[in-house]
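This report refers to the structure that appears directly beneath it.
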Amino acid sequence: MNPDDVWRGIDDQRGRLVDLLEDLSDQEWQHPSLCEGWSVRQVAAHVALQNTRWSAMPRAVLETIRSGGMEGAIHAAACRHAQLPTERIVAEIRERIGVWRPLPMVTHRGSAIDYLVHLQDIAIPLGRRQPMPVDVAAVAADEVWRSPRMFHARRRFAGQRFVATDVEWSAGQGPEVTGPISAILLLLTGRPAGLDHLDGPGADAVRAALGVRP
């Protein structure tokens, strides 16, 4: 899949996210997201921070050191940005529609992971169904699986073979875990909610490893 097609899929998810956020009540903005310890508002603020430029990198490095690591720095930045007015957060996400340029040191494939997964982080716990473009999700899943630094999916799920049922995509060796690529992508990025839509002889082993009851 060429980069332009991936960016078109990203723009689709950006637009859907903006429409969703504009429709949320104040209570829904405070609702827990799929990200443990993160509210819907904090996830939205994190996505809005995609406007970061190279000029912000020195501060980002300092924040990482102060927060004891990248995850702490990302959460701290999102919490700080979440204090902005709701309209500002939504506007910043809207401004990215049509911008086919990733963050510093991030590829279009990494951007696909962010936008596809974070839309579901917000939509699923609110019961707001949002479709995910399967071809772009396959690109994102490939990036998660191949990367030794992001999510450690290949190590975490060693011994299972994941096979998508709605697009040509597979990875790993062992008992099969089958289902839509959207559910596989969620699972590979650490969201057990994806298990609700996965099946196959390897699915129970994955549930057991994650401590999730069938």
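The values are calculated or read from the model by the stated rules, or taken from the named source; none is laboratory data. These numbers were taken from a predicted model, which means no experiment stands behind them. Here the Cβ is made from the backbone with ideal geometry for all residues, glycine too, and neighbour counts use every protein chain on show. Ligands, DNA and RNA are stripped out before the accessible areas are found, and what is left, the full protein with its side chains, is counted by its heavy atoms. Shrake-Rupley method; radii C 1.70, N 1.55, O 1.52, S 1.80 Å.
Taken over the range 165-214, the residue count meeting the criterion of being out of contact with any Ser or Thr (no Cβ under 8 Å at 6 or more places or on another chain) and part of a strand (DSSP E or B) is 5.
In the range 149-166, the condition of being within 30 Å of Asp26 (Cβ to Cβ) and in contact with a strand residue (DSSP E or B) (Cβ under 9 Å, 6 or more places away or on another chain) is met by no residue.
Of Met150, Met132, all but one fail to be in contact (Cβ under 8 Å) with a residue 12 or more places away in the chain, closer than 18 Å to Gly15 by Cα and outside any helix (DSSP H, G or I); the exception is Met132.
If you go through the range 122-167 and keep only what is within 24 Å of Val106 (Cα to Cα) and charged (D, E, K, R), you end up with Asp135, Asp142, Glu143, Arg146, Arg149, Arg154, Arg155, Arg156.
The numbered conditions (1) modelled with pLDDT of 95 or more; (2) of a type outside the set (Gly, Ala, Ser); (3) outside any helix (DSSP H, G or I) are all true for Glu28 except (3). Of all the residues in the range 83-117, those that are exposed (fewer than 14 other Cβ atoms within 10 Å of the Cβ), among the small types (Gly, Ala, Ser) and not in a loop (DSSP other than H, G, I, E, B) number 1. Considering the range 158-207, and only residues there that are open to solvent by 30 Å² or more (accessible area, probe 1.4 Å), within 20 Å of His118 (Cβ to Cβ) and free of Cβ contacts under 8 Å to residues at least 60 places away in the same chain, the residue that is nearest to the chain's Cα centre (by Cα) turns out to be Gly190. Scanning the range 89-129 for residues that are without any contact (Cβ under 8 Å) to a residue 12 or more places away in the chain and within 14 Å of Ala48 (Cα to Cα) turns up Ala91, Val99, Pro102. Has the range 180-201 got any residue that is more than 27 Å from Glu71 (Cα to Cα) and out of contact with any strand residue (DSSP E or B) (no Cβ under 8 Å at 6 or more places or on another chain)? There is no residue in the range 180-201 that is more than 27 Å from Glu71 (Cα to Cα) and out of contact with any strand residue (DSSP E or B) (no Cβ under 8 Å at 6 or more places or on another chain).
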